[in-house]
Amino acid sequence: MSDKGLRDVIAAQTSISDIDGTAGRLWYVGYEIEDLARNASFEEIIYLLHNLELPTRAELEDLSRFLVREREPHPFLARMMPTLAQNTSPMSMLRTSVSASSAFDPDGWDESPEAEYRKAMRLIAEAPTLIATFDRVRTGREVIPPDPGLSHAANFLWMLHGQEPDPEDAGVLDTTFILYADHTMNASTFTARIIASTLSDTFSAMTGAIGALKGPLHGGANEEAQKMAEEVGKPENAEAYVRDRLARKEKIFGFGHAVYKTMDPRATVLKQLCRELGERRKQPKWYEIFSAIEETTFEQKGLYPNVDLYAAGVYHMLGIPTDLMTPIFALARMVGWTAHVREQYADNRIIRPGSEYIGPRDRTYVPLDER
Ligand SMILES: CC(C)(COP(=O)(O)OP(=O)(O)OC[C@H]1O[C@@H](n2cnc3c(N)ncnc32)[C@H](O)[C@@H]1OP(=O)(O)O)[C@@H](O)C(=O)NCCC(=O)NCCS
């Protein structure tokens, strides 16, 4: 019997993250996600997921210096950007740029664990610059170079908007990065591990992972959730909108999960961030629309929100264009992907599941003229 969607298959052992889908809990290396979201910085999470320990102050400073130094992608990628900005979506740009960066990484084809770690950190460092540059170029604005004095999250807002970021906004974005950083054997991480399991390179694994994340059933859901909220327009319209969609057997984006059977703990944090940001910005509308959608979707279908629902509202209020929401998910998940790839390399066996054959059997070849 096949297990469609591989729900009951344990595809790998991991020390990186764990989920209890019934209780709605998520841990990174044994730390509960709410604890990390409340107290840690994204840079600490990068260190934690890759080294399986929280950094000391000196280790964190070392890592932060490395990340800051590697923020500028190779000039070839900057030259490619105007063409990509005219012809592709931001996710396709990211996929193509990450693939192309394999040509320029100073560690080249060195596959030692140390080189793999540096390659991972470079990809993590560059991704925000690629996304912000793409947006500046496609809107005809000057490209803003990274600011070495700013954190990963604050620097992204700076490069995107060209204005000194509000520290509270940067803190909110940092928390969303933490929440998106890893999530056990989701489709894109599994893709990355499959590619790594053939002993192919990190860049190929990341290129495949970005491709898997792009779809609306996975990372693309935050963009779809925002479009949905815009279509709904005001909280009073939510009930009819959800009922209509469900009657047409259409998905409500930002709801349901392959593993959680209750509220996604990341959604709980994001719901609060969305409400607080809305109050601070005097834009309560988005929280009200999303929570009205949540109420009806639960009543009608018993579905809970996942990470992507309220993330969309948060990003929208931070002035992030809708089609950059999935690339932002990617820049944060790059941490988990690269950590999983290094874990796969460290204890590898090629991933090769079976299939259940359901086609015809025992046929005999019929010559072309007799068919
Ligand atoms: C995440 C997702 C792909 C998981 O899929 P899955 O594991 O196949 O989902 P389940 O087996 O729990 O689905 C059970 C039922 O609920 C329905 N369902 C699940 N999520 C739904 C949603 N968001 N909207 C409407 N119906 C949904 C399924 O169609 C299925 O209905 P059926 O029994 O009538 O066929 C799915 O919930 C989904 O498509 N969600 C919307 C996209 C999204 O937000 N993705 C981001 C995930 S983090």
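The values are calculated or read from the model by the stated rules, or taken from the named source; none is laboratory data. On a predicted model such as this, the values are computed, not experimentally measured, just so you know. Cβ atoms come from the backbone with ideal geometry, glycine included; neighbour counts cover every protein chain shown.
At-a-glance table
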{"item": "Index of the failed condition, residue 272 passing every other in (1) buried (at least 17 other Cβ atoms within 10 Å of the Cβ); (2) under 23 Å from residue 333 (Cβ atoms); (3) not acidic (Asp, Glu)", "result": "(1)"}
{"item": "In region 173-187, residue nearest to the chain's Cα centre (by Cα) [restricted to those that are touching a residue at least 40 places away in the same chain (Cβ under 8 Å) and either within 15 Å of residue 274 (Cβ to Cβ) or assigned to a helix (DSSP H, G or I) (or both)]", "result": "180"}
{"item": "Answer residue from region 1-42, given it is within 14 Å of the ligand (Cβ to nearest atom) and in a loop (DSSP other than H, G, I, E, B) and is surrounded by the most Cβ atoms within 10 Å (Cβ to Cβ) among those", "result": "24"}
{"item": "Among residues of region 139-171, those that are assigned to a helix (DSSP H, G or I) and either crowded, with 18+ Cβ neighbours inside 10 Å or of a type in the set (Asp, Glu) (or both), counted", "result": "13"}
{"item": "Count of region 324-371 residues which are among the acidic types (Asp, Glu) and either surrounded by 10 or more Cβ atoms within 10 Å (Cβ to Cβ) or within 21 Å of residue 110 (Cα to Cα) (or both)", "result": "2"}
{"item": "Residue among 256, 219 that alone is surrounded by fewer than 22 Cβ atoms within 10 Å (Cβ to Cβ) and touching a Leu at 6+ places or on another chain (Cβ under 7 Å)", "result": "256"}
{"item": "Region 258-275 - residue that is farther than 11 Å from residue 307 by Cα and of a type in the set (S, T, N, Q) and, of those, nearest to the ligand (Cβ to nearest atom)", "result": "262"}
{"item": "Hits in region 187-199 - residues which are farther than 14 Å from residue 342 by Cβ and more than 12 Å from the ligand (Cβ to nearest atom)", "result": "190, 191, 194, 198"}
{"item": "Matching residues in region 214-230 - criterion: being among the small types (Gly, Ala, Ser), within 11 Å of the chain's Cα centre (by Cα) and part of a loop (DSSP other than H, G, I, E, B)", "result": "219, 220"}
{"item": "Single residue of region 238-256 satisfying the filter (in a helix (DSSP H, G or I), in contact (Cβ under 8 Å) with a residue 24 or more places away in the chain and of a type outside the set (A, V, I, L, M)) that is farthest from the ligand (Cβ to nearest atom)", "result": "239"}
{"item": "Residue list for region 48-73, filter: without any contact (Cβ under 8 Å) to a residue 24 or more places away in the chain and not in a helix (DSSP H, G or I)", "result": "54, 55, 56"}
{"item": "Matching residues, region 88-122, being exposed (fewer than 15 other Cβ atoms within 10 Å of the Cβ), of a type outside the set (S, T, N, Q) and at negative phi", "result": "103, 104, 106, 109, 110, 111, 113, 114"}
{"item": "Pairs, first without any contact (Cβ under 8 Å) to a residue 12 or more places away in the chain and assigned by TED's automatic domain parsing to the domain that holds residue 194 in region 10-31, second of a type in the set (Val, Ile, Thr) and in a loop (DSSP other than H, G, I, E, B), C-beta under 6 Å, six or more apart", "result": "none"}
{"item": "Which listed residue is at pLDDT 95 or above and within 15 Å of the ligand (Cβ to nearest atom), from 313, 359, 278, 319", "result": "313"}
